[in-house]
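Following: one structure in structure tokens, then a few remarks.
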Amino acid sequence: MITEIDKKLRDLSYSKFRSSFHLKEKDKAYILEKGINTIRKHAMEFIGKRLGPKVILNDGKQTPMRGHPVFIAQHATATCCRGCLEKWHKIEKGKELNQIEKEYIVDIIMKWISNELERKI
């Protein structure tokens with residue numbers, strides 16, 4: 001059964017920019033070393049701090065392009081800033097994210113990471 005997250009990831013795969021992001025071997029090694037539950041915890045912390053507040057001073061620039069597998073996943077899944085969240089996921093700007101929205105964002109990030117771990121080059 002295809003989930004809403006699967007459908008959204010399929011839609012994102014049609015974007016030349018979004019589909020250009022992939023995990024490198026060092027990112028995969030980091031995930032395997034830390035464990036998927038730790039990566040999920042990191043994702044929840046990043047989302048809470050960088051996307052969760054009502055007002056984000058550096059919105060559009062708060063997510064690095066590298067440095068952690070979650071950052072890469074955020075760009076691939078259009079969960080990197082409030083503008084992308086609004087455009088791709090219909091989560092409006094100018095309000096604090098609620099717990100359901102945060103969990104959805106983490107779920108799509110983690111699904112993308114899972115897909116990347118299974119991806120054959």
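Couple of notes before you dig in:
- Take the conditions (1) surrounded by 13 or more Cβ atoms within 10 Å (Cβ to Cβ); (2) outside any helix (DSSP H, G or I); (3) of a type in the set (D, E, K, R); K16 misses just one of them, which is (1).
- Condition met for P53 (of a type outside the set (K, R) and in contact with a Phe, Trp or Tyr (Cβ under 8 Å, 6 or more places away or on another chain)): no
- Scanning the stretch 1-10 for residues that are in a helix (DSSP H, G or I) and free of Cβ contacts under 8 Å to residues at least 12 places away in the same chain yields a count of 3.
- Assessment of the stretch 35-43 against the conditions (among the hydroxyl-bearing types (S, T, Y), assigned to a helix (DSSP H, G or I) and either in contact with a Gly (Cβ under 8 Å, 6 or more places away or on another chain) or at pLDDT 95 or above (or both)) yields at least one matching residue.
- For I31: the one exception among (1) of a type in the set (A, V, I, L, M); (2) crowded, with 16+ Cβ neighbours inside 10 Å; (3) under 12 Å from the mean Cα position of the chain (by Cα): (3)
Residue by residue, here is whether (1) more than 14 Å from the chain's Cα centre (by Cα); (2) assigned to a helix (DSSP H, G or I); (3) closer than 25 Å to K34 by Cα holds:
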position	(1), (2), (3)
Q62	no, no, yes
H75	no, yes, yes
L85	no, yes, no
I108	no, yes, yes
K120	yes, no, yes
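- Applying the set (1) free of Cβ contacts under 8 Å to residues at least 12 places away in the same chain; (2) of a type in the set (S, T, Y); (3) over 25 Å from N98 (Cα atoms) to S19 leaves exactly one unmet item: (1).
- Among the residues making up the stretch 66-98, those that are among the basic types (K, R) and either surrounded by fewer than 20 Cβ atoms within 10 Å (Cβ to Cβ) or under 19 Å from D27 (Cα atoms) (or both) are R66, K87, K90, K93, K95.
- E101, sole failed condition from (1) under 11 Å from the mean Cα position of the chain (by Cα); (2) buried (at least 17 other Cβ atoms within 10 Å of the Cβ); (3) part of a helix (DSSP H, G or I): (1)
- Among residues of the stretch 46-65, those that are closer than 26 Å to R119 by Cβ and surrounded by 12 or more Cβ atoms within 10 Å (Cβ to Cβ), counted: 6
The values are calculated or read from the model by the stated rules, or taken from the named source; none is laboratory data. Note that this is a predicted model, so its numbers are computed, not measured. Don't worry about glycine lacking a Cβ; one is built from the backbone with ideal geometry, like all the others, and counts go over all protein chains shown.
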